[in-house]
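Have a look at the structure below before the remarks.
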Amino acid sequence: MSEPIILETVEAMRSWSLERRGGGLAVGCVPTMGYLHEGHLSLIRECARRADKVVMTLFVNPTQFAEGEDLGQYPRDFDGDRAKAGAAGADAIFYPSVGEMYPEGYQTYVTVEEVTADMEGAFRPAHFRGVATVVTKLFSAVLPDLAVFGEKDYQQLKVVERLSRDLGLGVQIAGMPTVREDDGLAMSSRNVYLSPDERARALSISQTLFAAREAVEQGADDPAALCEGAREEIESAGLSVDYVEVRDAEDLSPVKKIEAPVRMLVAARIGKTRLIDNLGLN
Ligand code: AMP
């Protein structure tokens with residue numbers, strides 16, 4: 001596969017895309033913050049299956065980080081990312097500067113309401129405003145027919161589905177399963193922050209999710225009891241739990257009894273690193 005073309009301005013991105021769409025080709029988009037791993041690459045490969053041309057966007061979006069979060073330390077490897085994205089099937093990389101996305105005087109933001117109200121939205125108050133804003137701006141530059149996101153960030157996937165539907169952006173949103181390390185840890189660019197000891201203890205998150213799925217398969221149907229047990233297990237590995245929730249898999253509304261498809265969602269901190277993961281239980 002040839003090297004993907006690098007497009008750094010909204011204008012260049014849009015004309016590249018318009019030319020291809022004008023020629024009858026379907027353009028797909030995979031938004032990322034870079035430092036690519038197999039999870040990201042699975043999205044690019046799926047996008048290449050669904051669309052004729054694939055644009056990966058690479059932008060560490062400052063508006064989705066709060067003061068004191070890891071924006072300044074976020075890992076970067078542009079040359080590695082370009083090679084990996086190209087090998088996975090990306091035709092172009094949209095790689096704008098912060099000034100290109102948020103020029104002097106910028107003051108327009110997109111907010112999605114109910115689905116952002118709790119979990120990540122509660123622990124990272126401005127996070128989804130930043131996500132919804134940047135996704136809207138990326139779509140307006142890339143002009144994709146479809147976009148592929150990971151279930152790893154399950155609430156974000158639901159936010160983007162809602163956003164695209166509510167604003168009538170005409171972008172079909174696809175979600176792909178979480179790619180895990182052999183031992184179950186969900187792949188994340190942030191895993192490089194973990195010391196070997198922290199990494200070993202972080203495994204308690206995925207192990208707890210798999211145990212909860214097993215329990216539901218054996219007939220457990222009380223979400224509150226499952227969440228309480230899960231919290232205890234993760235805390236006993238020395239992590240500090242932000243939340244453990246069992247929610248309706250479709251709209252993330254709270255559930256009293258496990259009947260329709262549900263998802264367990266977890267956020268926990270270990271040392272300076274905050275990790276999230278989730279799993280369908282039934
Ligand atoms: P990020 O670079 O962390 O903003 O993630 C970019 C996209 O990759 C998002 O749609 C994520 O949900 C997705 N992603 C991140 N980690 C994984 C994973 N382990 N498996 C599948 N998708 C992932």
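A few comments on the model shown:
- Ordering His37, His127 from the fewest to the most neighbouring beta carbons within 10 Å gives His37, His127.
- The helix-only estimate of mean residue ellipticity at 222 nm for the chain, built from DSSP H runs of length n ≥ 4 each weighted as -39500 (n - 2.57), is -12000 deg cm²/dmol after division by the residue total.
- Measuring nothing but how far apart in sequence close Cα pairs (under 8 Å, 6+ apart) lie, relative to its length, segment 54-176 scores a relative contact order of 27 percent.
- With at most 14 neighbouring Cβ atoms within 10 Å, loop trypsin sites (Lys or Arg not before Pro) (DSSP) excluded, longest segment of the chain: 77-255
- Listed residue (Gly22, Val60, Tyr109) projecting farthest to the positive dipole end of segment 18-118, Cβ model: Gly22
- Footprinting exposure proxy for Tyr106, Tyr95, Tyr74 (fewest neighbouring C-beta atoms within 10 Å first): Tyr106, Tyr74, Tyr95
We did not get these values from a lab; they are worked out from the coordinates using the rules stated. Model, not experiment: these values are computed from the prediction. Using ideal geometry, Cβ is built from the backbone for each residue, glycine included, and neighbour counts are taken over all protein chains shown.
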